[in-house]
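Undergrad: Quick one: the structure is below, and I'll ask about it shortly.
The values are calculated or read from the model by the stated rules, or taken from the named source; none is laboratory data. A quick note: this is a predicted structure, and the numbers were derived from the prediction, not measured. Positions of Cβ are backbone-derived with ideal geometry, glycine not excepted, and every protein chain shown enters the neighbour counts. Just the protein is used for accessible areas: all its heavy atoms, side chains included, with ligands, DNA and RNA removed. Shrake-Rupley method; radii C 1.70, N 1.55, O 1.52, S 1.80 Å.
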Amino acid sequence: MEKKGNGLGLVFLLIIVLLILGVILSTVDFTKNTYTRGKLEADIANGEVVSVTVNQRQNSSGGSITVEKKNGQEETLFVTDVTDATEFLRKQGLDPYVREVPKDNWFLNHMLPMLVVVGICILFFFLMINAQNAAMNSGPTSKMMNFGKSRAKMIKENKYRLSDVAGLKEEKADLEEIIMFLKDPEDFTKVGARIPKGVLLDGPPGTGKTLLAKAIAGEAGVPFYSISGSDFVEMYVGVGASRVRDLFEEASLHKPCIIFIDEIDAVARRRGTGLGGGHDEKEQTLNQLLVEMDGFTENSGIIVLAATNRVDILDPAILRPGRFDRKIMIGNPDVQGREEILAIHSKNKPLSDDVDLKQIAHTTAGFSGADLENLLNESAILAAKEKRAFIKQQDINASMIKVGIGTEKKSRIVSEKERRITAYHEAGHAILFHVLPNTDPVYTISIIPTGGSAAGYTMPLPENDGMFHTKNEMLEDIMVSLGGRIAEDLIFGDITTGASSDIKKATAVARNMVTRFGMSEKLGAINYDADGDEVFIGRDLAKNRPYSEKVAGEIDEEVKSIISECYEKAEAIIKENMEVLHKTAELLLEKERITGDEFRALFEA
Ligand code: ADP
Ligand code: MG
Ligand code: ZN
């Protein structure tokens, strides 16, 4: 708060003082003092008194007398000795009604109402000052008191270290240089190295993104500004943007430091998709964030980390060079990672000797770090309930049901059979990626459930991102897609529903080849694609085909023959590499995630 002593404030102070005075005066009843003993005696003598009530105060000799007079008036006389006064009244031939009254609580009766009034006044006073300040600064550079303040929590030193983050070996290695830079920026500037300004951590919830960000700051020993994307989102236009500005201003005073924006998707949603113009609060906030990030130069000592699990909805502008130009994917942990996470979180939880963390790691494919932590915690609770000082395997089994089931994670407890099928399925894809000449090399193969529908994935490293695709490339694409299904069929003699998206993709490519790219010899170079590239609502309902039923049948025939031709070729390739298929599947079952290099090594052995 800057200076706020001013006229308006004084006026309010005055009002408060007057109010307090009023309250005090109202508690003192001057009229009560006007009735005296002499007057009472006179009234009695004149026969004015109708009845008398003696109010004996609790735990005290004193009290008061209430006198009802003929003319309807009531008078009160305070007395110091009630017994004495009663005696006197009786002597005067009156029959006073004596009752006990609670002790007069001065605080409750007079002080409390006063305090309440004063409290309300003070509150009112501060509200006014606030509003007034906001009004005074309502230019574009306004900082509306606490409203526009960044709300970021600044943590000077935190206890988290990289060793608190289990698994994520490659991810940690990727971040190593950032830590080194924050520790010693000069080493980098000397050789002209450029360190990214922004790093985006992308992965499903509970995988340790927040933890990792804290560990980086802790390891580097620099201040850490942590704020959640939703903290920027306010009802009032401009507040979010002002908070961003304030945050960067504050951070620039404490360089080198880390700004961590958790759940950045709350502010950095793709712009221009909002209804009604789109110049809304979030856009302003995002724009401000981009402006700030462009504003500070590289190597200036501020590094912005952000985490999201919805990278797909982020505005592409945020990923542009000079902003979040480094993206680190953080997936659910593999077997080894899970074992390490379990080890970290069971450090202060005594385990009985029948607990085998390796075994637990094996049965929890698809669990995130947070799930595992939760699993151990639930087990500890169960142990405590039974007044045991250690966790038994039975606690863990029971918690597994609680943690795994009852939520959407039900499907995450994957059976051994499913794992085997998935392993062969992915191995089938991978072999085709490897053998076929026009496909990209394999980068990773994983059978860790992702939480979505996919049981695993085989990810290529895109090499040629050319605009055009040749016919051969497209055919190989289809073959790769079919590889999973082929492997399932070869090994288990049965097929599963797991390949449905593969089949869909293969069919789509084949159909495009025929109808859009004229790659079918039989049908020739004609575009049979009814809708072109335009997308409009209801296109499937009102499909307007510019060709006959006969041609439609021929298209279907062509698509079918492309697919079955590809299937045969792909099957032949996998059959030739049966040994590698088995080895790949075995390795996948063991490690759950293997790198392209590990995979390629299997061909050489
Ligand atoms: P995210 O930000 O990715 O949603 P968090 O970092 O908040 O996940 O993780 C939640 C909790 O799960 C952490 O506090 C930690 O206890 C546990 N956890 C997750 N991943 C790991 C990990 N790799 N190593 C150790 N603990 C982890
Ligand atoms: Mg988080
Ligand atoms: Zn597949």
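Undergrad: Take the Cβ-Cβ distance between ASP81 and THR53 as r, set R0 to 22 Å, and report the resulting FRET efficiency rounded to the nearest 0.05.
TA: Efficiency, rounded to the nearest 0.05: 0.85.
Undergrad: With θ set to phi - 60° and the Karplus curve 6.51 cos²θ - 1.76 cosθ + 1.60, what are the ³J(HN,Hα) couplings of segment 280-294 in order, to the nearest whole Hz, using x for Gly and Pro?
TA: Going residue by residue, I get 9, 4, 4, 5, 4, 5, 4, 4, 4, 4, 5, 4, 5, 5, 6 Hz, with x marking Gly and Pro.
Undergrad: For SER228, what residues show an amide H to amide H distance below 5 Å, using hydrogens built from the backbone and excluding near sequence neighbours?
TA: Those lying under 5 Å, H to H, from SER228 are ASP262.
Undergrad: Which of the residue pairs LYS402/LYS591; LYS505/LYS583; LYS417/LYS471 have a Cα-Cα distance greater than 32 Å in the structure shown? All intermediate terms of the calculation are to be shown ahead of the outcome.
TA: On the way: LYS402/LYS591 26 Å; LYS505/LYS583 27 Å; LYS417/LYS471 37 Å.
Over 32 Å Cα-Cα: LYS417/LYS471.
Undergrad: What aspartates and glutamates could a cross-link reach from LYS282, if we take a straight Cα to Cα line under 12 Å and drop same-chain neighbours fewer than 8 places away?
TA: Filter leaves ASP231, GLU234, ASP265, ASP315.
Undergrad: Taking 20 Å as the cut-off for C-alpha to C-alpha distance, list the pairs among LYS197/LYS327; LYS522/LYS560; LYS349/LYS385; LYS522/LYS550; LYS183/LYS255; LYS190/LYS214 that go past it.
TA: Checking Cα-Cα distances, LYS190/LYS214 exceed 20 Å.
Undergrad: Straight-line reach from LYS169: which aspartates and glutamates fall under 13 Å, measuring Cα to Cα and dropping same-chain residues less than 8 apart?
TA: ASP334, GLU340
Undergrad: Now for a different question. What nm value, rounded to one decimal, do you get for the distance between SER300 and ALA552 when each label is placed 7 Å out toward the C-beta?
TA: With each label point 7 Å from Cα toward Cβ, the separation is 6.2 nm.
Undergrad: Under the rule of at least 5 residues apart or a separate chain, name every residue whose amide H is placed under 5 Å from the amide H of LEU305.
TA: When sequence neighbours closer than 5 places are left aside, the close amide H contacts are VAL199, ILE259, PHE260, ILE261.
Undergrad: Let me ask something else about it. Counting each pair of different Cα atoms once, what's the Kirkwood radius of segment 153-329 in Å, rounded to one decimal?
TA: Across segment 153-329, the inverse of the average 1/r is 16.3 Å.
Undergrad: Residue by residue, what Karplus-based ³J(HN,Hα) values in Hz, rounded to whole numbers, does segment 253-258 have, using 6.51, -1.76 and 1.60 with θ = phi - 60° and x for Gly and Pro?
TA: 7, 10, 5, x, 7, 10
Undergrad: For the full complex of protein chains and a 1.4 angstrom probe, list LYS70, LYS209 by accessible area with the highest value first.
TA: LYS70, LYS209
Undergrad: May I ask you to derive the FRET efficiency for GLU170 and GLU565 from their Cβ-Cβ distance with R0 = 41 Å, giving the value to the nearest 0.05? All intermediate terms of the calculation are to be shown ahead of the outcome.
TA: On the way: r = 39 Å, r/R0 = 0.96.
Once the sixth-power term is evaluated, E becomes 0.55.
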